[in-house]
1. Rounded to the nearest 5, what % of DSSP beta bridges with both residues in region A:5-160 are antiparallel?
2. When DSSP beta bridges are limited to those with both residues in region B:47-156, what percentage is antiparallel, rounded to the nearest 5?
3. Across the Cα atoms of the protein assembly as shown, what radius of gyration and what greatest pairwise Cα-Cα distance (Dmax) are found, in Å?
4. Over all directions, average the projected area of the Cα convex hull of region A:1-64 and note it in nm².
5. So which aspartates and glutamates can A:K379 reach, going by Cα to Cα under 12 Å and dropping same-chain residues fewer than 8 places off?
6. Taking only C-alpha pairs under 8 Å that are 6+ residues apart, what is the relative contact order of chain A in percent?
7. How large is the helix-only mean residue ellipticity at 222 nm for the protein assembly as shown, computed as the sum of -39500 (n - 2.57) over DSSP H runs with n ≥ 4, divided by its residue count, in deg cm²/dmol to the nearest 500?
8. When the Karplus curve 6.51 cos²θ - 1.76 cosθ + 1.60 is applied with θ = phi - 60°, which whole-Hz ³J(HN,Hα) does each residue of region A:441-457 get, with x for Gly and Pro?
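The values are calculated or read from the model by the stated rules, or taken from the named source; none is laboratory data. All values derive from a computational prediction rather than experimental measurement. Note that each Cβ is placed from the backbone with ideal geometry, even for glycine, and that neighbours are counted across all protein chains shown. Please note that ligands, DNA and RNA were not included when accessible areas were found on the heavy atoms of the full protein model with its side chains. Shrake-Rupley method; radii C 1.70, N 1.55, O 1.52, S 1.80 Å.
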Amino acid sequence: MSKTLFDKIWEKHIVKTIDGGPSVLYIDRHFIHEVTSPQAFTGLNKRGIKVFRPAQTIATADHNVPTLNQHLPIKEELSRLQVEALKKNCAQHGVELYGLGHPFQGIVHVIGPELGITQPGMTIVCGDSHTSTHGAFGSIAFGIGTSEVEMVLATQCLLQSKPKLMRINVDGVLNKGVVSKDIVLYILSKITASGATGYAVEFAGSAIRSLSMEARMTICNMSIEMGGRCGLIAPDETTFNYIKGRAFAPKDAAWDESMAYWKSLYSDNDAVFDKEYHFKAEDIEPMITYGTNPGMGIGISEKIPTTETINENDKSGLSKSLTYMGLQQGSNIKGQKIDYVFIGSCTNSRIEDLRMVASFVKGKKKANDVEVWVVPGSKQVEAQAIAEGIDKIFEEAGFMLRQPGCSACLGMNEDKIPAGKYCISTSNRNFEGRQGAGARTLLASPLTAAAAAITGVVTDVRELLN
Amino acid sequence: MKAITTINSRFVPVNVENIDTDQIIPARFLKATTKEGFGKNLFRDWRYENDDETKPKKDFPLNQPAYSGEILVAGKNFGCGSSREHAAWAILDAGFRVVVSSFFADIFKNNALNNGVLPVQVSDAFLHKIFAQDSNTELTVDLEKQRITINATNEQEHFDINSYKKTCLLNGYDDIDFLLSIKEDIQKFETLTT
Ligand code: SF4
C-alpha cells in the first residue's frame, strides 16, 4: 500500500496502540530548555524516578538569556533562577547541557540541526511549539507541553493520536527579492492561522525542493502558525549534504546505514492526503503582516484589507487587530514608519539569514531613528559571522550584532519593544504584546526587514535590489 | 490530577476569537519553576490598565462581579500559539475546570487534558447561544454522557472526547502513570529497533 512520508516515520515509532485511544509513540530526540522543563523535573523528583534515556535528551538555555554581556551573571533574578534550575536538573539527571558560555549554546531549534542531532526519519519533541522546525529534515517533530516533557523524560514515549495529513505544494520559480519566509507568510495568508489545525503538513513541490536546508527550516518553523501539529519536507541530496560531517552526524558504516533508511523517506506517488493545496511561486511577492496573528499578511504592494475584503476567519478580529496596531483598513502598508528592526529568532537567525542581510546592507547605512538588532541563533552562527567579517558590515551599517538567544522574539529577557512602537521582525509571531506589552510587530523576511532598516519605513526590497 | 465527572456552574464569557497563549498568560510570567500561582495573571494584559493591578479594566468579564464559575467560555480557535502549559495551569489556578469553545488549538487541548481541565468543543451555533445567555445562567457539563446543557433553556449538545482521555479524566489518572506501567514494552521496542 502506498504511504506518505509521515506514515512511514510514524509507523516505525509505534510501541503500542491503545484501543479507542492514542498510540504510544517512541521519541528519538528530546530537546529541553529552561522555561518549560523545571516543573517536569520536579514531577520526576516527586515520583522518585530518573530520566529514562538521558543520552537522547539535549538541553540548552535560550529563552531567558541576555544578549549582551553573557559572561556576566544574569541580572534578572527569575531568569537567573530558571537557568540555574536547568543546570542543576541536567547535572542531577546526567543530561548534556549546552548552557551559557558553551560553544554550542543557542536557540534550541537552531542548534539541533547545526550539530547534526536532527536527522531524517526521527521523532523529535521539545517543550516549545517551534519544534516543527526540525521537520525540514524529514522527521516528525512537534512541540509539547510540560506534562509531556515529563512523560518523555520518564519513559522516552508520548501518547499521541495520529493527526490528519495535509500536503501543501509550491511549484515554480521564486521572484527576485522573495525568499522562503515570504512563501510561508503567503501560505498563511491564504489558509489562515488555523488552516492546518489537526494536520501534519508536508511541504512539497519544485519551489520547496529548490530551497536550501536553512530556508526549508524557516517554512517548517512556521507550520505551527497554521495550527499544524508538525511540518515536514522529504529529505533529499540537499538534506544529506547538510548533515554530513556535522558534530553528531553518523559516521562511516553508521552513515551508510542511515542513508539507506533516509532514502526511503518520501511520500509514495499515489499516497493519499486528507487535504491538499497548490500554490504558484510566481504569485508570491515580498510579504508583511499588518495584524495580530501570522495569518494576517499581505504582499508588500497590497493594501491592508477592509472588513469587506478580508477572509471570513479574521473578520471579527480585524478592527481589534488594527486598533492595536494603529493601522487603517484599506491603507498602504508600504511607507509605514518603523522604530525597531529585529533580525533573529528560530525562524531567521541562521548563518544564511545573516549572510543575506549582510550582502544587502553592505555599504549602506541604517536610517537615523531606527534601532536595529541582529541576534544570531547560536554561538556557532555568531562565530561564523565574525569569521566572515559580517560583524564589520553590520557595524558600518549601524546594525547591532548581539549574542545568541530568543531575545525580542518573545521578550522574556530585557530585549523588549516599547509600547506603541513598530518593529519589523523576522520572528514568527505578531501576537499582541509578544515582543513587549503594547509592542506592534510586523513579520517579514530578513531582506524586507533589512530594507526597512535602511529606509526607516516599510519598503519593497525589490526597489533596492539591482 | 483531580477527577472530573459533572460540573454544574455559572460561566465566564470571553467572547474573542483566536485567543492565543500570549494573551492567556504573557511570556513575562513564565519564569516560575512551579505550577502554582499563575491564576492571578490569567489574561493579564486584558485585565489591567498598564499592567497595574490596582486598575482593573471594568469591561473585562473576569473583573465583573456578575460573572463567576468554573467554566470559561471563549471564542473560536482558543489556545493557539505557543506550547506553554502555563496557559492551562493559569486557567486551572484561576478556578476553571472546563473551557468551552467552538475550536481548540491542538497543543492547548492536550495540555488542558493533562491537567484536569476539560476542553468542550461545541458548534458555532451553540457557542453563540451560550454567549447570548445572561450572567446568572448555569451550564452543566456531564463528562460521562459527553453532554453540555444550558440549564435555563435546557438546550443540549453532545461533545467529543477521546475515550482513553475520558477514562483518565473521570478517574484522575494521568498519562505518565500509564506510560510508566508499560515500561517493559518500551524497553522491548528499543531492543527490536536498534
Ligand atoms: S526564538 Fe522565539 S519562537 Fe523560537 S524558540 Fe525562541 S521564543 Fe520560541
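1. On the way: 7 of 20 bridges.
Taking every DSSP beta bridge with both residues in region A:5-160, the antiparallel ones total about 35 percent.
2. Numbers: 7 of 15 bridges.
Once the DSSP bridges in region B:47-156 are tallied, antiparallel ones form about 45 percent.
3. Considering the protein assembly as shown through its Cα atoms, Rg and Dmax are 23.6, 71 Å.
4. On the way: hull surface 27.5 nm².
Its Cα hull, projected and averaged over all orientations, spans 6.9 nm².
5. Qualifying aspartates and glutamates at Cα under 12 Å: A:D62, A:E114.
6. Working: 1122 pairs, mean separation 81.0, N = 466.
The normalised contact order for chain A reaches 17 percent.
7. Values: 23 runs with 206 residues, N = 660.
Dividing the helical sum by the residues of the protein assembly as shown leaves -9000 deg cm²/dmol.
8. For region A:441-457, the Karplus curve yields 9, 10, 7, 7, 7, x, 5, 5, 5, 5, 5, 5, 4, 6, 9, x, 9 Hz.
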